[in-house]
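The values are calculated or read from the model by the stated rules, or taken from the named source; none is laboratory data. What you see is a predicted model; the values in this text were computed from it and never measured. Virtual Cβ from ideal backbone geometry, glycine too; neighbours counted across all protein chains shown.
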Amino acid sequence: MNYAFILGTHPGLSVAELLAVLGDNDVSWENERVLVKKNTEINAENLIGYLGGTLKIAEIEMEVPVNMPVPALAKKCAELLQTKAKRGEGKLIFGLSDQGVGGHFQVEKLGLTIKKELKSGEISSRLVTSREKELSSVVVGQNKLLSKGAELIFFRQGQTLIIARTLSIQAYKELSRRDFGRPVRDDHSGMLPPKLAQMMINFAGQISVDGLFLDPFCGSGTIINEAMLMGYTNLMGTDLSEKAIKDSRVNAEWLRELYGLEIRAKFHIKNATRLAQFLKPKSVDTIVSEPYLGPQRGLNDIAAAQVELAELYSKALDNFYNILKDDGRVVMVWPVFFGREFIEPQLDKWQVINLLPERFLNLPWLKLSERGTLLYHRDGQKVWRELIVLEKIN
Ligand SMILES: C[S@@+](CC[C@H](N)C(=O)[O-])C[C@H]1O[C@@H](n2cnc3c(N)ncnc32)[C@H](O)[C@@H]1O
């Protein structure tokens, strides 16, 4: 079957994640927010729970000429809704999202014409609309479009209009609960959004779930918790701070109870720059981590922070080289101050892995840093995050 993936706020990261999970075959990046993967089989409800960067997964149902007149298009959509929408007791509930059709396409007008078309077939319906051209996952969820109706998504591929039906949406309530509802939060050291933690774990590639998975700067344990939910069974978090280890334990226990998980992660107070004294050579399968990112407030001397962090990361990377298996990966966040001041740790023994294939690099909507890496940031943040994936040069 053919699927469309609606990408989140950092589409480059979302695409990198999808490629790491689904592979590169039959994949086309249609516009800033839509990736298509053809000829594959997925379990959309299951998969969306593991993808931090995807907002919706939809199945491609129809392809029609982009200039098809509205009445004819509405008829086709009404037929599709009649066969595929979930029906409750009452009205057929549906919503439409224009995910980059362009031209003269008017999603509201199409919606009303579909409603009339349904009515002429004696089907009463309710059209869910929003101020935006696309319905957010929240609107789709709150209106129960997936359990009691349907959402159709429209986008353009050359002269073809693609119509897809949403199968699953990002579990925004769950993600928010794991972020803001955990017992211990550490706003001082900072925490990764769980979505970004999921993406980073996926960047590590297809790894065995029982291989040793390590976060050596685990803070309050976001990465370990997300890895636990994603099915990894051999998890270890280490951190220099006693408080961080205590917090991680509390948060991990909370998550285990919340989801009824059997797995127990191990946590230890350890300095990441001395890990080789604690863990055996080549005993770790994967390292995923957001280290100390420098002072979050009062960032007066950027040059000094750059030097200090480059030194810390270089020492840590030396240790990672020692404890990581030869085919293992390191996925890290590095800070970029004000979106332009990078750090330069020693990478002599490491190869930097590009997560996006060459053919995507010149797409006009792709935003990369000036050194070609993928960045994550929110409005107003001074410290941006650079995503770095490394493999050992053996
Ligand atoms: C930005 S926080 C990590 C937050 C974590 N990703 C989370 O979401 O909870 C950085 C962590 O690095 C730890 N740290 C700083 N220097 C360290 C070192 N040399 N070895 C191990 N941990 C260190 C700090 O104690 C802090 O908990």
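Points worth noting:
- Qualifying residue in segment 213-221 (condition: under 27 Å from Leu7 (Cα atoms), modelled with pLDDT under 95, in a loop (DSSP other than H, G, I, E, B) and in contact with a strand residue (DSSP E or B) (Cβ under 6 Å, 6 or more places away or on another chain)): no
- Residue match in segment 156-177 (condition: of a type outside the set (Ser, Thr, Tyr), within 25 Å of Tyr376 (Cβ to Cβ) and within 14 Å of the ligand (Cβ to nearest atom)): yes
- Selection status of Met68, in contact with a Ser or Thr (Cβ under 8 Å, 6 or more places away or on another chain), among the aliphatic types (A, V, I, L, M) and more than 30 Å from Arg385 (Cβ to Cβ): no
- A Cβ distance below 7 Å, combined with a sequence gap of six or more or placement on separate chains, defines the contacts here; from segment 369-384, residues that are loosely packed, with under 12 Cβ neighbours inside 10 Å reach residues that are in a loop (DSSP other than H, G, I, E, B) in the pairs Arg371/Phe342.
- Test: Glu151 is surrounded by 21 or more Cβ atoms within 10 Å (Cβ to Cβ), in the same structural domain as Gly53 (by TED's automatic domain parsing) and either of a type in the set (A, V, I, L, M) or assigned to a strand (DSSP E or B) (or both): yes
- Of the criteria (1) surrounded by 20 or more Cβ atoms within 10 Å (Cβ to Cβ); (2) outside the structural domain of Gln99 (by TED's automatic domain parsing); (3) over 15 Å from the mean Cα position of the chain (by Cα), which one Phe203 fails: (3)
- Qualifying positions in segment 348-364 - exposed (fewer than 11 other Cβ atoms within 10 Å of the Cβ) and not acidic (Asp, Glu): Asn362, Pro364
- Among the numbered conditions (1) out of contact with any Gly (no Cβ under 7 Å at 6 or more places or on another chain); (2) within 12 Å of the ligand (Cβ to nearest atom), the only one that Gly221 does not meet is (1).
A quick yes/no check of all residues on (1) assigned to a helix (DSSP H, G or I); (2) within 13 Å of the ligand (Cβ to nearest atom); (3) modelled with pLDDT under 95:
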{"site": "Arg185", "(1), (2), (3)": "no, yes, yes"}
{"site": "His188", "(1), (2), (3)": "no, yes, yes"}
{"site": "Leu196", "(1), (2), (3)": "yes, yes, no"}
{"site": "Met200", "(1), (2), (3)": "yes, yes, no"}
{"site": "Asn225", "(1), (2), (3)": "yes, yes, no"}
{"site": "Met236", "(1), (2), (3)": "no, yes, no"}
{"site": "Lys246", "(1), (2), (3)": "yes, yes, no"}
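- Qualifying positions in segment 269-292 - surrounded by fewer than 15 Cβ atoms within 10 Å (Cβ to Cβ) and either within 13 Å of the ligand (Cβ to nearest atom) or not basic (Lys, Arg) (or both): Ile269, Arg274, Ala276, Gln277, Phe278, Pro281, Ser283
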